[in-house]
Each structure stands twice: as structure tokens, then as C-alpha cells.
Amino acid sequence: MDVYKVKGGKRLSGTIKVNGAKNSAVALIPASILANSPVQIEGLPEISDVWTLKNILEEIGGEVSFEDGTMNIDPTNMVDIPLPNGNVKKLRASYYMMGAMLGRFKHAAIGLPGGCFLGPRPIDQHIKGFEALGAKVTNEHGAIYLRADELRGAKIYLDVVSVGATINIMLAAVLAKGQTVIENAAKEPEIIDVATLLTNMGAKIKGAGTNVIRIDGVEELHGTNHTIIPDRIEAGTFMIMAAAVGDGITIDNVIPFHMEALTAKLREMGVDVQEGEESIYIPKAEKLQAIDVKTLVYPGFATDLQQPFSVLMTQATGSSMITDTIYSARFKHIDELRRMNASGRVEGRAAIITGPTPLTSATVVASDLRAGAALIIAGLLADGETEIREIYHIERGYSAIVQKLQGLGADIRRETIDPVSSAKSDFGHSAN
Ligand code: EPU
């Protein structure tokens with residue numbers, strides 16, 4: 001069993017570099033399926049979700065290489081074989097294979113996606129979009145089958161603002177006949193990034209980044225070269241970490257405009273956030289004030305930063321409340337933080353945290369990707385050595401996290417431990 005061991009209590013300083021955006025990467029890679037010649041994507045993060053997507057593209061006949069963050073994808077010989085099981089179950093974003101394969105082959109069979117459990121995560125809006133474009137969609141033994149004689153542009157109003165549905169419908173619509181209009185579309189920067197790639201491949205897309213996106217279908221798309229945007233969630237995680245344990249940290253390769261909601265909330269807490277052109281500097285935070293936060297769709301406060309931010313709240317004076325309006329069950333980390341002496345409780349869709357509380361080390365479990373990031377920050381704050389388990393969640397989204405934090409002076413290492421002897425020591429621990 002692989003774990004992270006974090007010895008807390010040290011102040012960190014220096015510069016930490018942000019990678020390409022995971023949630024863009026997982027859409028840009030499937031988008032390449034729609035081209036009739038090679039696509040090159042630069043700046044991709046070396047995370048397990050990206051490697052899994054590489055394997056999926058190879059399964060359908062793509063020729064793919066991935067080195068130093070650059071992926072070369074030759075989609076010419078890809079075929080529409082069904083993908084009911086296997087790699088598609090490893091990540092949520094495999095749902096983009098539906099839109100991309102439907103767009104290219106007018107046919108796809110994709111197993112229901114995996115990914116973090118954060119409460120119900122339906123894909124009804126994706127399916128509503130595919131059906132509006134003319135696809136027949138069925139759920140057969142846990143896999144979604146999509147079939148169309150031809151795809152025709154349509155007006156689609158999303159009942160829920162959804163990143164995944166917005167991108168998936170764009171993927172299916174770029175090669176459809178006529179115009180598609182997506183209303184109540186999501187506005188996340190990752191949507192603009194995918195639209196930029198598709199546009200450079202020859203697609204006609206207007207309005208990406210606003211709530212109405214218009215797509216005029218074209219006959220074919222060609223290869224191109226694309227550089228991915230920086231990961232605003234990784235950047236946000238580092239900003240929160242800098243406020244929690246920093247002694248002057250520069251976060252490099254960030255678009256400060258993408259960080260506005262977090263920056264505003266950090267400032268409200270008393271953190272001095274200094275924006276550069278492509279970097280953010282956070283000096284040592286002296287005193288943190290309790291505040292309330294509500295997650296919202298972009299440009300609101302990102303749900304993906306709710307869990308790391310709640311760790312910072314344990315260090316603020318007073319009672320803070322963080323409400324997640326996007327995911328009802330994204331609070332499993334609160335129990336783990338309580339093991340580390342935090343004072344927090346979950347009420348409905350909100351966590352209420354009282355501080356400041358000195359955290360103490362414990363053996364904790366990363367229940368999902370961002371919970372894992374939250375526990376790393378908690379471990380860096382805590383007195384003693386914290387062991388974080390189920391780190392595969394973390395490695396789905398944060399590349400070289402151990403090395404990056406070591407670069408700031410953190411005492412963190414990745415270790416393989418024997419599950420049997422560690423279970424015995426757990427027993428000893430809980431018996432005390
Ligand atoms: N929803 C529906 N029906 C749908 C689609 C979504 O009801 O058909 C609901 C969801 O249940 C949720 C809300 O709409 O309550 C928003 O979901 P959205 O579709 O926007 O989420 P997603 O596309 O599945 C992406 C990111 C998530 C991030 C959310 C919200 C990817 C691969 N994932 O998920 O990222 O939390 O948008 O911003 O892009 C993460 O990075 O840790 C992560 C979970």
C-alpha cells in the first residue's frame with residue numbers, strides 16, 4: 001500500500017510551478033478523436049487520468065506518444081470499438097469519449113464513468129444534448145450506447161449548468177449538420193480551452209466562456225498544435241497551502257484572473273495575495289479571520305477548492321461556514337480532519353468549522369482527489385507525522401506533488417508500507 005508521510009510544523013517558502021489543467025486535459029485528449037490528422041497537445045500534466053486516456057485512445061486504434069508533457073495523437077486509424085469496461089471506469093471524464101466518438105463515428109458504446117464519489121453525479125444533461133442532436137441513447141448493462149444516422153444541429157437548454165455536458169455537446173456538435181446553440185452553458189476556463197483547440201482544428205464556435213455557445217457544424221476537422229491552460233485548481237490548492245503554512249511562496253504559471261473568487265476570499269480572511277502577470281505571491285499570513293464561503297459555478301468559488309479551503313478555516317479565529325451548492329456529499333474529509341483535532345461538523349450541504357485549532361498528526365484516508373489535497377495541507381500544519389492513505393486519488397490530479405512540496409522545504413515522502421503490519425499498528429493506535 002502506497003502512502004504519503006508528512007511531518008508538519010515547518011514553514012515553507014520558495015516557488016512552486018503549476019501544471020496544465022487536469023480538467024482541460026481530460027477533454028482536450030478525447031477532442032483529438034475528431035481530427036483527420038495528428039494533434040499535438042503541450043503542457044499536459046503527468047497524472048494518472050492523462051495516462052489512462054492515452055491508453056483509451058490506443059485501445060481504439062490511436063497512435064499516441066506522451067513525453068515531457070507533450071502528447072502526439074494520430075487519430076487517423078481510430079475505430080469505433082465499444083468500450084463498456086476497463087479503463088473508462090477509472091475516471092469520470094471518460095464521458096468525453098461519448099461526445100467525441102459520437103461526433104466522429106455517429107456511434108459509441110462507453111461504460112458509465114468512474115471518478116470521485118461526491119454525491120449524485122448524473123449525466124442526464126449530456127444525454128439530453130446527444131438526443132437533441134439526433135442520437136438514440138440507451139443504457140445497456142451499465143454502458144451507454146449512442147447511435148445516430150446523422151447528427152443535426154439543435155437548440156439545447158441545459159437545465160443544470162454543467163461543465164461536462166457543455167463540453168460533451170460541443171464535441172458532438174462540431175461535425176453535425178447545421179447550427180447548435182447551447183443555452184445556460186457553463187463558463188469555466190476549461191470550456192474556452194477546449195473551444196480554442198476545436199477552433200484551431202477548423203471548428204466554428206462562438207461564445208465559449210459565456211452562457212450561450214453557438215456552433216456551426218463543419219465537414220471535417222484537421223490536426224493542430226495546442227498549449228493547455230494552467231490548472232486553476234492546482235494553483236488554488238497551492239495558494240491555500242501558502243496561506244496555511246507559507247513563509248513567502250510564489251505560485252508560478254497561473255492566470256490570476258481565473259483565481260478571483262479564491263483571491264477575494266483569502267483577502268477577506270486576512271491573507272495578502274499579490275498578483276503578478278503569470279504568478280501569485282503570498283507572504284506569511286499573520287492572523288486569519290473566520291469567514292463564510294459558498295461554492296458556485298465559475299466565476300464563483302470552485303467546489304474543487306472547498307475541501308482544501310476548509311483546512312485553512314481550522315486556523316482562522318471564530319466560526320466559519322463553507323457551503324457546497326454543487327456537490328452534496330463532498331465532506332468526507334471533515335471526519336478525517338476531526339481525527340487531526342479539528343473542530344468541525346457537517347450540517348446538510350455545509351461544514352461549520354471553528355478555530356483556530358492546532359492540528360495533530362493521525363493516519364487518515366483520502367476519500368477523493370481534493371480531499372487528499374486537503375489532507376496534505378492538514379498534514380503540513382499538524383504536529384507530528386501524518387500518514388495519508390489511498391493516495392491514488394491524489395495522483396489522479398496532482399503531478400509530482402511530493403517533489404514539488406519538497407522543493408518548498410516540506411518534509412513529505414511517498415512510501416510503500418505493508419498493509420498487514422500497518423493494520424496491526426492501527427489497532428494498537430485505536431486501543432490506546
Ligand atoms: N449535473 C446534473 N446532470 C448532468 C451533469 C451535471 O445534474 O448531466 C449536476 C452535477 O451532479 C453537479 C452539477 O451539475 O451537481 C455540476 O456538475 P458538472 O457537470 O459541472 O461537473 P462535471 O463536469 O462532472 C467537472 C469537473 C469537476 C468539478 C465540476 C464542477 C471534470 C472532469 N470534472 O465535473 O472536477 O468539480 O466540473 O466544477 O472536468 C475535480 O477536479 O476534483 C472535479 C471533481
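Of the listed requirements (1) part of a strand (DSSP E or B); (2) in the same structural domain as Thr357 (by TED's automatic domain parsing), Ile215 misses just one: (2).
Taking the numbered list (1) within 23 Å of Arg232 (Cα to Cα); (2) touching a residue at least 24 places away in the same chain (Cβ under 8 Å) in turn, Glu390 passes all entries but (1).
Among Ile81, Ile47, which is within 16 Å of the ligand (Cβ to nearest atom) and either aliphatic (A, V, I, L, M) or open to solvent by less than 50 Å² (accessible area, probe 1.4 Å) (or both)?
On the way: Ile81 fails: within 16 Å of the ligand (Cβ to nearest atom).
Step by step, each of Ile81, Ile47 is checked, and only Ile47 is within 16 Å of the ligand (Cβ to nearest atom) and either aliphatic (A, V, I, L, M) or open to solvent by less than 50 Å² (accessible area, probe 1.4 Å) (or both).
Here Leu133 clears all of (1) touching a residue at least 24 places away in the same chain (Cβ under 8 Å); (2) closer than 30 Å to Asp324 by Cβ; (3) within 16 Å of the ligand (Cβ to nearest atom) except the condition numbered (2).
Being among the β-branched types (Val, Ile, Thr), within 23 Å of Val161 (Cα to Cα), in contact with an Asp or Glu (Cβ under 9 Å, 6 or more places away or on another chain) and within 16 Å of the ligand (Cβ to nearest atom) is true for just one of Thr295, Thr325. Which residue is that?
Values: Thr325 fails: in contact with an Asp or Glu (Cβ under 9 Å, 6 or more places away or on another chain).
Just a single option satisfies the conditions, and that option is Thr295.
Given Gln274, Gln289, which one is in contact with a Phe, Trp or Tyr (Cβ under 6 Å, 6 or more places away or on another chain), of a type outside the set (A, V, I, L, M, F, W, C), more than 19 Å from Leu369 (Cβ to Cβ) and open to solvent by 60 Å² or more (accessible area, probe 1.4 Å)? Just a single option satisfies the conditions, and that option is Gln274. Pairs are defined by a Cβ separation below 6 Å, a sequence spacing of at least 6 or placement on different chains, a first member in region 331-349 that is surrounded by fewer than 20 Cβ atoms within 10 Å (Cβ to Cβ), and a second member that is among the small types (Gly, Ala, Ser); the pairs so defined are Lys332/Ser367; Lys332/Ala371; Arg339/Ala362; Arg349/Ser328. Checked against the criteria, Asn77 does not count as part of a strand (DSSP E or B), more than 21 Å from the chain's Cα centre (by Cα) and at pLDDT 95 or above. For Lys5, the conditions (1) closer than 19 Å to Arg396 by Cβ; (2) in a strand (DSSP E or B); (3) open to solvent by 10 Å² or more (accessible area, probe 1.4 Å); (4) not hydroxyl-bearing (Ser, Thr, Tyr) are fulfilled apart from (1).
The values are calculated or read from the model by the stated rules, or taken from the named source; none is laboratory data. These numbers were taken from a predicted model, which means no experiment stands behind them. FYI the Cβ positions are ideal-geometry reconstructions off the backbone, even for glycines, and counts take in every protein chain you see. Please note that ligands, DNA and RNA were not included when accessible areas were found on the heavy atoms of the full protein model with its side chains. Shrake-Rupley method; radii C 1.70, N 1.55, O 1.52, S 1.80 Å.
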